[in-house]
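In what follows, a single structure is set out as structure tokens and then discussed.
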Amino acid sequence: MKLGTTDGSIVNRHSFFDDEVFAKEAEAVFGLSWIFLAHESEIAAPGDYVTRLMGDNEVIVSRAEDGTVHVMLNSCMHRGVKLCAADMGNTSHFRCGYHGWTYGNDGRLRGVPQAPVLYPEGIDRKSRGLKEARTDIRYGLIFATFNGEIGDLEAEYGAEALWHLQTLVGKAEYEFYGPPVRAVGEFNWKSGAENWTGDGYHGEVTHRTVLGVGLVFDTESIVEDLIDDDVVLTAPDGNASTSQNQVTLPKGSALHNVQLPHSFNQPVFPGYEKHLWPEFLANLTDEQLTVADRRVAVVGTFFPNLGIVEDVLTVGDGVPPVNVMNLRLWRPVSSGETEIWSWLVVPKRASQQWKENAQRAFARSFNLGGMLELDDFHNWNSNAQANQGPVGMSLNNDYTAPAVEPRTDLPWPGSIYDGFLHDVEFRTFYTEWAARMKNAGAEFAEAEASSDEGDPSHE
Ligand code: FES
Ligand SMILES: [Fe+2]
């Protein structure tokens, strides 16, 4: 059975609801990817740790006494008992509750009770340290993989993706504000990941009520707020058609930007306190500023399952709008279940009041009880319900809306398309997914003439 076309324009629904496909993804997609796990601010001090999941592998993400970060399988090297039951904490050692083997927070085996009696000839502790993953940290984000064969994070993610990621979480020192919110949705992980590549098409329909009550930004209040901040508006009638664009990147990542169509006498960062702007300017290149400047919303998926959104949202009660950043993982649990791990991300040097405002805006929008989130969950859950039967499963999902002519006038890596009424972002995501799955033996129909000519992610 063919799972779709190699250009990502058709995806058969077995791809979402079939356990065999899911098992293949574990190997071909997640086994060959760097997986996002945590932010450095979650384990700021020596001894801090959090426990996370890499696919089905439980891991401890810990900061050792020397400040280094370690990602280690949460499983005792003696006979496999789980070492750490807590979600987070601070400890110098992890002691197994079964026979007491004890490991340092760097994973080294330190203590073996009764060792001289049990192992009169000595025990090689070096080879019995916790199973450790490779780690790579970018802009405070901790990624890991147990695969020793794949390239480093930049090679696998693509320098283009890191460039765009920096315009989000790398433009200041950020921190995760509170622990992750977690919930299991009754849908396949790709339903969330594909939506976050930039499904602008659903906004006016799915989120009509939310938009109608003014929960999301309104351009007028943002511009007024900027002018209150002594910013001078130099061109109020910019070309509105350039304010929304879709960026597709090699290796399956894509994001959607919304920028104010106005011009100002300086770069502006709507929804952020002005005292933070110099930090943003210092961390971004002139090219990166052309995307971060005037940006009021961005949503993206970094292949396979890291989602990020930054959105200027209203708080209400005369409070200026705040730029809420939400980072999340679509963690596959089974073909029909996905665990969402979701964090509010704030600039470390924002005022406490601003952080609390961001938390309020987050609570009613992208947090798991937020209106935007509930709207989306309904679609994804009902999508799964409607296709459990063999007839629904046999049908295809359609991602065929043609691309518009890519823009060539912006210095951003990737391919840039104005607007959002096209399916390029989905084809980018599913082209990479199909290539990985094909390598693992899944069948796909060859694409006919590509509708995305000129898009490097489709070469
Ligand atoms: S299983 Fe951990 S000490 Fe024996
Ligand atoms: Fe949505």
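The values are calculated or read from the model by the stated rules, or taken from the named source; none is laboratory data. Keep in mind the model is a prediction, meaning the values are calculated, not measured. Glycine gets a Cβ as well: all are built from the backbone with ideal geometry, and neighbour counts include every protein chain shown.
Overview of results
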{"item": "Single condition Lys131 does not satisfy, out of (1) in contact with a Ser or Thr (Cβ under 8 Å, 6 or more places away or on another chain); (2) touching a residue at least 60 places away in the same chain (Cβ under 8 Å)", "result": "(2)"}
{"item": "Candidate set from the stretch 120-144 (those that are acidic (Asp, Glu) and in a loop (DSSP other than H, G, I, E, B)); member that is nearest to Val50 (Cα to Cα)", "result": "Asp124"}
{"item": "Residue check for Thr197: within 16 Å of ligand 2 (Cβ to nearest atom), at pLDDT 95 or above and of a type in the set (Val, Ile, Thr)", "result": "yes"}
{"item": "Close pairs (6 angstrom Cβ cut-off, 6 or more residues apart or separate chains): in contact (Cβ under 8 Å) with a residue 24 or more places away in the chain in the stretch 273-293, part of a helix (DSSP H, G or I) and surrounded by 17 or more Cβ atoms within 10 Å (Cβ to Cβ) anywhere", "result": "Glu273/Trp354; Leu284/Ala292; Gln288/Thr167; Val291/Thr167; Ala292/Thr167"}
{"item": "Residue ID - farthest from Val112 (Cα to Cα), chosen from residues in the stretch 45-98 that are of a type in the set (D, E, K, R) and assigned to a strand (DSSP E or B)", "result": "Arg52"}
{"item": "Count of the stretch 336-359 residues which are closer than 23 Å to Ala183 by Cα and in a loop (DSSP other than H, G, I, E, B)", "result": "1"}
{"item": "Cβ pairs under 6 Å, 6+ apart, first in the stretch 78-89 and within 16 Å of ligand 2 (Cβ to nearest atom), second not small (Gly, Ala, Ser)", "result": "none"}
{"item": "So Leu329, is it modelled with pLDDT of 95 or more and over 26 Å from Lys274 (Cβ atoms)", "result": "yes"}
{"item": "Residues satisfying the stated conditions in the stretch 405-459, i.e. modelled with pLDDT under 95, surrounded by 19 or more Cβ atoms within 10 Å (Cβ to Cβ) and under 20 Å from His164 (Cα atoms)", "result": "Phe420, Asp455, Ser457, His458"}
{"item": "Residue within the stretch 145-167 that is modelled with pLDDT of 95 or more, in a strand (DSSP E or B) and not assigned by TED's automatic domain parsing to the domain that holds Ser334 present", "result": "yes"}
{"item": "Any hit, the stretch 335-353, residues being in contact with a His (Cβ under 7 Å, 6 or more places away or on another chain) and surrounded by fewer than 20 Cβ atoms within 10 Å (Cβ to Cβ)", "result": "no"}
{"item": "Residue in the stretch 101-121 that is near ligand 1 (Cβ under 9 Å from one of its atoms), among the basic types (Lys, Arg) and surrounded by 14 or more Cβ atoms within 10 Å (Cβ to Cβ) present", "result": "no"}
{"item": "From the options Val391, Val404, residue that is part of a helix (DSSP H, G or I), away from ligand 2 (no atom under 14 Å from the Cβ) and not polar (S, T, N, Q)", "result": "Val391"}
{"item": "All positions within the stretch 61-91 that are among the hydrophobic types (A, V, I, L, M, F, W, C), surrounded by 14 or more Cβ atoms within 10 Å (Cβ to Cβ) and out of contact with any Leu (no Cβ under 7 Å at 6 or more places or on another chain)", "result": "Ala64, Val69, Leu83, Cys84, Met88"}
{"item": "Residue list for the stretch 1-21, restricted to those being over 20 Å from the mean Cα position of the chain (by Cα) and either in a helix (DSSP H, G or I) or in the same structural domain as Ser335 (by TED's automatic domain parsing) (or both)", "result": "His14, Ser15, Phe17, Asp19, Glu20, Val21"}
{"item": "Residues within the stretch 267-285 that are within 12 Å of Asp229 (Cβ to Cβ) and touching a helix residue (DSSP H, G or I) at 6+ places or on another chain (Cβ under 8 Å), tallied", "result": "6"}
{"item": "Members of the stretch 370-404 found to be closer than 25 Å to Leu165 by Cα and among the β-branched types (Val, Ile, Thr), listed by number", "result": "Val404"}
{"item": "Residue within the stretch 41-48 that is in contact with a Cys (Cβ under 7 Å, 6 or more places away or on another chain), over 20 Å from Phe303 (Cβ atoms), surrounded by 22 or more Cβ atoms within 10 Å (Cβ to Cβ) and touching a residue at least 60 places away in the same chain (Cβ under 8 Å) present", "result": "no"}
